[in-house]
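Single-structure report; data block below.
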Amino acid sequence: MRLVIAVVQDKDSGRLAAELVKRGYRATKLASTGGFLKAGNTTFLIGVDDERVNDVVECIHRSCRAREQVVTPFAPVGNVDAEVPVPISVQVGGATVFVLDVERFEHF
Amino acid sequence: MRLVIAVVQDKDSGRLAAELVKRGYRATKLASTGGFLKAGNTTFLIGVDDERVNDVVECIHRSCRAREQVVTPFAPVGNVDAEVPVPISVQVGGATVFVLDVERFEHF
Amino acid sequence: MRLVIAVVQDKDSGRLAAELVKRGYRATKLASTGGFLKAGNTTFLIGVDDERVNDVVECIHRSCRAREQVVTPFAPVGNVDAEVPVPISVQVGGATVFVLDVERFEHF
Ligand code: NI
Ligand code: NI
Ligand code: NI
């Protein structure tokens, strides 16, 4: 048995949760306080049999990997001389994953 | 030293906390966001000497084990033709417990 | 790779966060529910290379160690016969630190 601790962005946590449920994993989601280092992240605790660790890590990778996203900044309100906003590319997503050995596991 | 991570239902967390204090254990309670997989759970972190792990696990078992509870559903309001609600048995409680080895422990 | 789990008082968590950022560590902060055993604490998860564990533990010690603080209790409002409040010394701070071995680490 392993304990997978995954820190992901809030915006990816719904997709990850759905993916884990679909594949039969049990997870617990811890609230992060936000605004610190990585604003708005969520920490998943996932208990998993040794031979399924790779599959869980792949789930996390699929659901949360860092990727570019094109966003168009808002034009300043009431500023008629403002240039037309140009779409820019920002990086979103990403995950930090720790896999720990579990010495003993109980489920009551 | 071991770190016991226990995920329990909110309704059992007060009883578990009281039991741990009574037996001299120190614990930290992490907020779970609720509504995910197991709605309304709480995660305890409990640092404990190796030889007391069994005792802590027994505390958790006593305080949180899955059990049947008889509840009587509410009758629909204003529905005069509704049948008299029949008490039903639902399962409550339960705990998921991970015991991890601690390589180093400091208390300042 | 190691995972450092540090439980500190809320009042020290800003200082610890700033210190960790300054020294280039990445951390995640988990909300503790407060009011349980140690009211108002915060749990840091810090992933760190083996050879920097000592440095992280020293960061935590510097930012959060238990110390005496002199406080002056408020005089009861409207109690003209109350004695002048005498400053008293209370203990604040402190940290509980667990260092766990990480079997596998991924950062997407
Ligand atoms: Ni049982
Ligand atoms: Ni000291
Ligand atoms: Ni990738």
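I need the full set of residues from region B:60-72 which are away from ligand 1 (no atom under 16 Å from the Cβ) and either surrounded by 10 or more Cβ atoms within 10 Å (Cβ to Cβ) or in contact (Cβ under 8 Å) with a residue 60 or more places away in the chain (or both), in order please. Even if it seems obvious, please write down each step before you answer.
First, the residues of region B:60-72 that are away from ligand 1 (no atom under 16 Å from the Cβ): B:70-72.
Within region B:60-72, B:Val71, B:Thr72 qualify.
How about region A:39-53: which of its residues are open to solvent by 30 Å² or more (accessible area, probe 1.4 Å) and either at pLDDT 90 or above or closer than 17 Å to A:Arg15 by Cβ (or both)?
Residues of region A:39-53 that are open to solvent by 30 Å² or more (accessible area, probe 1.4 Å), as a first pass: A:39, A:49-52.
Selection gives A:Asp49, A:Asp50, A:Glu51, A:Arg52.
Considering only region C:89-108, how many residues are surrounded by 17 or more Cβ atoms within 10 Å (Cβ to Cβ) and more than 18 Å from C:Val53 (Cα to Cα)? Steps first, please.
Within region C:89-108, the first condition is being surrounded by 17 or more Cβ atoms within 10 Å (Cβ to Cβ), and the residues that meet it are C:93-100, C:102, C:108.
Within this subset, residues satisfying the condition of being more than 18 Å from C:Val53 (Cα to Cα) are C:93-94, C:108.
Matching residues across region C:89-108 total 3.
Which of the residues spanning region B:9-28 are under 30 Å from A:Glu19 (Cα atoms) and modelled with pLDDT of 90 or more?
From region B:9-28, those under 30 Å from A:Glu19 (Cα atoms) are B:9-13, B:28; that's our starting set.
Within region B:9-28, B:Asp12, B:Ser13, B:Thr28 meet the criteria.
For residues in region C:1-27 being acidic (Asp, Glu) and in contact (Cβ under 8 Å) with a residue 40 or more places away in the chain, which is farthest from the other protein chains (Cβ to nearest Cβ)?
Here is the first cut: in region C:1-27, the residues acidic (Asp, Glu) are C:10, C:12, C:19.
In the following step, the residues that additionally are in contact (Cβ under 8 Å) with a residue 40 or more places away in the chain were identified as C:12, C:19.
Working: C:Asp12: 10, C:Glu19: 12 Å.
Checked region C:1-27; the qualifying residue farthest from the other protein chains (Cβ to nearest Cβ) is C:Glu19.
In region C:61-108, which residue that is more than 16 Å from ligand 3 (Cβ to nearest atom) and aromatic (Phe, Trp, Tyr) is modelled with the lowest pLDDT? Walk me through it before giving the result.
At the first step, the residues of region C:61-108 found to be more than 16 Å from ligand 3 (Cβ to nearest atom) are C:61-103.
From what's left, aromatic (Phe, Trp, Tyr): C:74, C:98.
Numbers: C:Phe74: 70, C:Phe98: 97.
This residue is C:Phe74.
The values are calculated or read from the model by the stated rules, or taken from the named source; none is laboratory data. Note that the coordinates shown come from a computational prediction; the quantities given were computed from them, not determined experimentally. Note that each Cβ is placed from the backbone with ideal geometry, even for glycine, and that neighbours are counted across all protein chains shown. Ligands, DNA and RNA are excluded from the accessible area calculation, which covers all protein heavy atoms including side chains. Shrake-Rupley method; radii C 1.70, N 1.55, O 1.52, S 1.80 Å.
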